[in-house]
Amino acid sequence: MTAKLSLRGVRKSFGEAEVIRGVDLDVGKGEMVCLIGASGSGKSTLLRCINLLEPVDDGAIWLDGEDIAEPGRDPRPVRERIGIVFQSYNLFPHMTAEENVMLAPRRIRGKTKAALAPVVERLFTRFGLSDRMQHYPDQLSGGQQQRVAIIRALAMEPEIMLFDEITSALDPELVGEVLDVLRQLHAEGMTMILATHEMGFARELADKICFLDGGRILEQGPPSELFADPREERTRAFLSRVL
Amino acid sequence: MADTGLTQARRVAGAPTRRAAYEARIRRRSNLIAAASTAAVMLAVVVLVPLAPGWEAVQRSFFNGRVFVETFPGLLEAFLLDVAIFAWCAPSIALVGLVIALCRDVRAPALFPLRAFGAVFTDIFRGLPVILVIYLIGFGVPGLGLPRPWNSPYLWGSLALILVYSAYVAEVIRSGIDSIHQSQRSAAASLGLSEADTMRYVVLPQALRNVVPANMNLLIALQKDVALLSFIGPVEIFRQAGVYKSLMANFTPYVGAAVIFLAITIPATRYADYLMARQQRRRR
Amino acid sequence: MRRTMLALCATALPATGAWAAEHATCAEGKTLQEGVLTIATGNPAYYPWVIDDAPESGEGYEAAVAYAVAEEMGFGEDQVEWVRTSFDEAIQPGAKSFDVNMQQFSITPEREEMVDFSEPYYSSAMAVLTTGDIVEAQGLEPTVESMKDLRWGAMAGTTAMPILIDLIAPSSDPLLYGDNADVTAAMQAGQIDAALFDLPTALYLSAVTLENGTILGQFPADRSQSPDEFGLLMEEGNPLKECVDAAITALRESGRLAEIESEWLQEATGVPVIE
Ligand SMILES: Nc1ncnc2c1ncn2[C@@H]1O[C@H](COP(=O)(O)OP(=O)(O)O)[C@@H](O)[C@H]1O
Ligand SMILES: [Mg+2]
């Protein structure tokens, strides 16, 4: 089967510093891929490259057989197809949860509020937030905010979702409710790439684990292999520190 | 001893806590001290100033009740002109200031001239004294030979105010735009929103809200600078006070004008301070 | 007591040489500096009141009158000292820097409540300053009727505004300016059609400052119920007032004042009188 998303030789520098140094990665449809690695290893940058928030310097990103990393392409259609959720939620603080979710579909798809209302309400209900739609972000807990951010990305009906350490800023007792959402999405067949430190979660659900080190994927494989018997010394060292 | 401690600790529900009682005591004391010292200063001013040898002359020239009563209604009427000028300048300033701020934020290379224009505009009009701009535009532009009513000093004087003040407002708005964290733009972009939509729906609403207090201060300054239009002809309150002063050889009309200005600006300043404080509290 | 008697006699009787000599003692002990009369003028002082902003030369109507008044009061040329003040400085409370202040101050009852004025040393006609272009474009004539609908301007610090309202009652609110140059600038910018000045100032502005300036007409002082009269301004209650008044009365009655006027102020006979 051909992959939904394929990265080949992707490179990205900030000034002199090369942060992503030739990444190859395949993600099949409905797969969940977890990126693990030390802080500063390039997980966030790689995710931002995939939905073109950062222009890549070199290499190709194939989405359904189309190279979206071609310089000069309009990134916006791609961003509609690949959603991303950030560690710090980044909700729009001057809008209610519902307005946060409706903004992009209204402006980009030209849908009316009325047409969107049932869809949006269903999303909120699905993630247990139907009574929080009219709240402003600062009236919500961190876990609730992060779930709204996920709903906001889902409202554009993306084909792939990227999650960048979305539980790292949460109090421990709130992590579970957000991971449950990911579980649910995975079960529904969403293609997902996660940067995460939740090793237990990654081991339980991921189809593939990639260990990033210094901007390269040093080692990748199914969790059963990578966690149980890492080939690389650096992977072993990293895992012994976080597990 | 241990017993009293316990009784105190087991207080009746609804009674003030020990801390609340202590703070109430402190508050009462500071209020008392503040009241006493204020009274002392007031007394000193009221008793000592009239003892100054020139007080009677000063009172006759500056605090002349008869002149005050005679000129106050005329001053109030002239103040209506200030209010009117303010009322038509303020919305234009908001609009022009916003446009200039947006000009300075455009990134597309094709629009570079717009960006340069925004920078030059703010540099020039923030760099010039208001009165100079009023003279140059108020007399200069109509001097080119415009027909009536297009040469009116009200029109061009107001334009001068609008240009100067929108330069300041533009800078304030730009600082507001800059204060919105990059992650907000990132989040909007990640959803596929265009730059224009990101500005319109995500950045500007937050930026404008953040700069309301700063803009309130500019509005207060504008309210006072409206008086500068009198230099090119309009008889607003400052000029009217000058006319009364010269006709009556008495400075009391200026005091009257000051009273009218303060009646507007003090509440406005307090309100701006309140907004500013509320925002500080929110940020914390 | 003797002094008051003298002053009363002086105003009542025609001036004689003997009287002048006796009167020289009037100002004694009443000036800021003993033996010196300190006179204030404007900063700058304008033509034709003071020529070349140099009152010490005695040239110009007010400069000449000042020296004549000083002489009448017993001060020689070298006993006159000049200082400069604005109008505001002239009326502010507190110690004054001058004995008398002379810069076309119009005598009004309101002002007289705050300061003292001498007898008038000049009665000014008021004149309408405009430009040839405006006269032509609007077909102006020297009648009050034809001037009502003009856009009017005046100097803010003068009595021209109430006189304007009184004499012409324009249909729109006049614009006021802080400075002669601003009035002419506004006229050149087409913002006002005409401005009201005292006649000597209007003559000067029309001839020198205002391009294509002209005087549409005048309201002669002797035809007005409340003519614009200039007096020397003094601090309220200044004891010098009686001496100054006596001096001016003497100058008027001896014909000296008229002489000075014909020497320094242009003949206004060519200017049409407004009906
Ligand atoms: N916008 C940027 N400009 C410059 N350097 C950056 C930028 N973003 C990230 N980096 C650098 O790139 C490296 C990788 O960062 P990041 O992708 O955030 O790592 P991770 O998410 O794995 O912690 C870090 O050294 C970081 O300092
Ligand atoms: Mg990161």
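The values are calculated or read from the model by the stated rules, or taken from the named source; none is laboratory data. Everything numeric in this text was worked out from a predicted model, so none of it was measured. Neighbour counts run over all protein chains shown; Cβ positions are idealised from the backbone, glycine included. These area figures cover heavy atoms from the full protein model, side chains too; ligands, DNA and RNA do not enter into them. Shrake-Rupley method; radii C 1.70, N 1.55, O 1.52, S 1.80 Å.
Of the set (1) within 16 Å of ligand 2 (Cβ to nearest atom); (2) closer than 23 Å to residue B:187 by Cα; (3) modelled with pLDDT under 95, all apply to residue A:238 but (2).
Put simply, of A:166, A:193 the only residue that is modelled with pLDDT under 95, surrounded by 21 or more Cβ atoms within 10 Å (Cβ to Cβ) and within 16 Å of ligand 2 (Cβ to nearest atom) is A:166. Note on the range B:162-188: residues that are more than 30 Å from residue B:224 (Cβ to Cβ) and surrounded by fewer than 22 Cβ atoms within 10 Å (Cβ to Cβ) amount to 7.
Please work out which residue is least open to solvent (accessible area, probe 1.4 Å), limiting yourself to the range B:131-159 and to residues that are aliphatic (A, V, I, L, M) and in contact (Cβ under 8 Å) with a residue 60 or more places away in the chain. Across the range B:131-159, the extreme among qualifying residues is B:134.
Taking every residue in the range C:113-139 that is in contact (Cβ under 8 Å) with a residue 60 or more places away in the chain and within 14 Å of chain B (Cβ to nearest Cβ) and pairing it with any residue that is assigned to a strand (DSSP E or B) and among the acidic types (Asp, Glu), at least 6 positions away or on another chain, the pairs with Cβ-Cβ distances below 8 Å are C:115/C:235; C:116/C:235. Residues that are assigned to a loop (DSSP other than H, G, I, E, B) and open to solvent by 60 Å² or more (accessible area, probe 1.4 Å) were ranked within the range A:77-109; the one that is nearest to ligand 1 (Cβ to nearest atom) is A:87.
Taking into account only those residues within the range A:37-50 that are open to solvent by 30 Å² or more (accessible area, probe 1.4 Å) and among the hydroxyl-bearing types (Ser, Thr, Tyr), which is farthest from ligand 2 (Cβ to nearest atom)? The residue in question is A:39.
Here residue A:60 does not qualify as assigned to a helix (DSSP H, G or I) and of a type in the set (A, V, I, L, M). Taking the condition open to solvent by less than 50 Å² (accessible area, probe 1.4 Å), within 16 Å of ligand 2 (Cβ to nearest atom) and either among the aromatic types (Phe, Trp, Tyr) or at the interface with another protein chain (Cβ under 8 Å from one of its Cβ atoms) (or both), does residue A:53 pass? Yes, satisfied. Screening residue B:49 on (1) over 24 Å from residue B:257 (Cβ atoms); (2) modelled with pLDDT under 85 shows it passes everything except condition (1). Taking the range A:5-29 as the range and being more than 16 Å from ligand 1 (Cβ to nearest atom), open to solvent by 20 Å² or more (accessible area, probe 1.4 Å) and of a type outside the set (Asp, Glu) as the test, the residues that pass are A:8, A:9, A:29.
In the range C:23-39, which residue that is at pLDDT 90 or above and touching a helix residue (DSSP H, G or I) at 6+ places or on another chain (Cβ under 9 Å) is most open to solvent (accessible area, probe 1.4 Å)? The selected residue is C:36. When the test is whether a residue is touching a residue at least 40 places away in the same chain (Cβ under 8 Å), touching a Gly at 6+ places or on another chain (Cβ under 6 Å), over 22 Å from residue A:144 (Cα atoms) and open to solvent by 20 Å² or more (accessible area, probe 1.4 Å), residue A:59 passes it.
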